[in-house]
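Peer 1: Got a structure for you, written out below as structure tokens; questions coming shortly.
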Amino acid sequence: MTTKNQVKDVQPIRSKEQIEDMKWSLKKWCGERDYILFLIGINTGLRVGDLLRLKVSDVRGKRKLVLHEGKTKKPRTINLANIYDEIQSYINQIDSEWLFPSRKGLSPISTTQAYRQLNKASHMVDIDEGIGTHTMRKTFGYWFYKQTMDVAKLQLILNHSHPDITLKYIGITEEEIERSLESFSL
């Protein structure tokens, strides 16, 4: 349990089954908006602030978009091709300029609201540890690394200054590295 002054240790979701559970829970208990937020988050690695600034016009009919990240101010090309159909179906259901509108639709939801929805969904499927808004970005990084084993590319995607920062960020530990080397042989 965290107190108000403690920083919660946010972790990536390391199980594909738990990712699917989160998707189901978000759709069932929170709604399409929060499901799509999670879907884009885990498939792009964008920070929640950048996700919440997206407008419908940014993604309508687009398989790729270029945005300037809020924190780094660097341009980043985002590939949405793998989730294009779900995004397009979602935007046809909403009546707001914002991709993730608040109840009245005049502004996007807050990061606090995004956090609440992710936590609500995680508790519904018994994922009780380390869920926060950075979970989406960390989950993207974790699975990108697991699939490609290319920390240099991931470092560039996440705009980190050093590979060690990237590995620590996504929760790759020395133990995991050692385990992967156990079966390595030439």
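Peer 1: Where the accessible area of the chain is counted over protein heavy atoms with a 1.4 Å probe, how much of it, in %, is carbon and sulfur?
Peer 2: Within the chain, the accessible surface is 50 percent carbon and sulfur.
Peer 1: Between S57 and E86, what FRET efficiency comes out of the Förster formula 1/(1 + (r/R0)^6) with R0 = 22 Å and r the beta carbon distance, rounded to 0.05?
Peer 2: Once the sixth-power term is evaluated, E becomes 0.80.
Peer 1: Next up: Pairs K23/K120; K74/K146; K16/K138; K23/K153; K73/K168: which exceed 19 Å Cα-Cα?
Peer 2: Cα-Cα > 19 Å for K74/K146; K23/K153; K73/K168; rest within.
Peer 1: If amide H atoms are built 1.01 Å from N in the plane of the peptide, which residues on other chains or at least 5 residues away come under 5 Å of the amide H of G132?
Peer 2: Counting only residues 5 or more places away or on other chains, the set is Q11.
Peer 1: While we're looking at this one, here's another question. Identify which of Q113, Q155, Q147 has the largest mean-square fluctuation in a Gaussian network model of the chain, with springs joining Cα atoms closer than 10 Å.
Peer 2: Q147
Peer 1: Apply the Karplus parameterisation 6.51 cos²θ - 1.76 cosθ + 1.60, with θ equal to phi minus 60°, to every residue of the range 93-103 and state each ³J(HN,Hα) to the nearest whole Hz, in sequence, with x for glycine and proline.
Peer 2: 9, 10, 10, 7, 6, 7, 5, 10, x, 6, 3
Peer 1: OK, next. Across the range 62-77, in residue order, what do the Karplus-derived ³J(HN,Hα) couplings come to in whole Hz, using 6.51 cos²θ - 1.76 cosθ + 1.60 with θ = phi - 60° and x for Gly and Pro?
Peer 2: Values, residue by residue: 10, 9, 9, 9, 10, 9, 9, 5, x, 6, 9, 6, 8, x, 9, 8 Hz.
Peer 1: List the residues whose amide H sits under 5 Å from the amide H of K55, counting only those 5 or more places along or on another chain, with H placed 1.01 Å from N in the peptide plane.
Peer 2: The answer is L99.
Peer 1: Calculate the FRET efficiency for K153 and E20 from the Cβ-Cβ distance with a Förster distance of 25 Å, rounded to the nearest 0.05.
Peer 2: 0.45
Peer 1: While we're here: Return one whole number: the accessible area per residue of the chain in Å², for a 1.4 Å probe.
Peer 2: Per-residue value: 59 Å².
The values are calculated or read from the model by the stated rules, or taken from the named source; none is laboratory data. Quantities reported herein were computed from a predicted structural model and do not represent experimental measurements. FYI the Cβ positions are ideal-geometry reconstructions off the backbone, even for glycines, and counts take in every protein chain you see. Note: accessible area is taken over every heavy atom of the protein model, side chains too, but ligands, DNA and RNA are not part of it. Shrake-Rupley method; radii C 1.70, N 1.55, O 1.52, S 1.80 Å.
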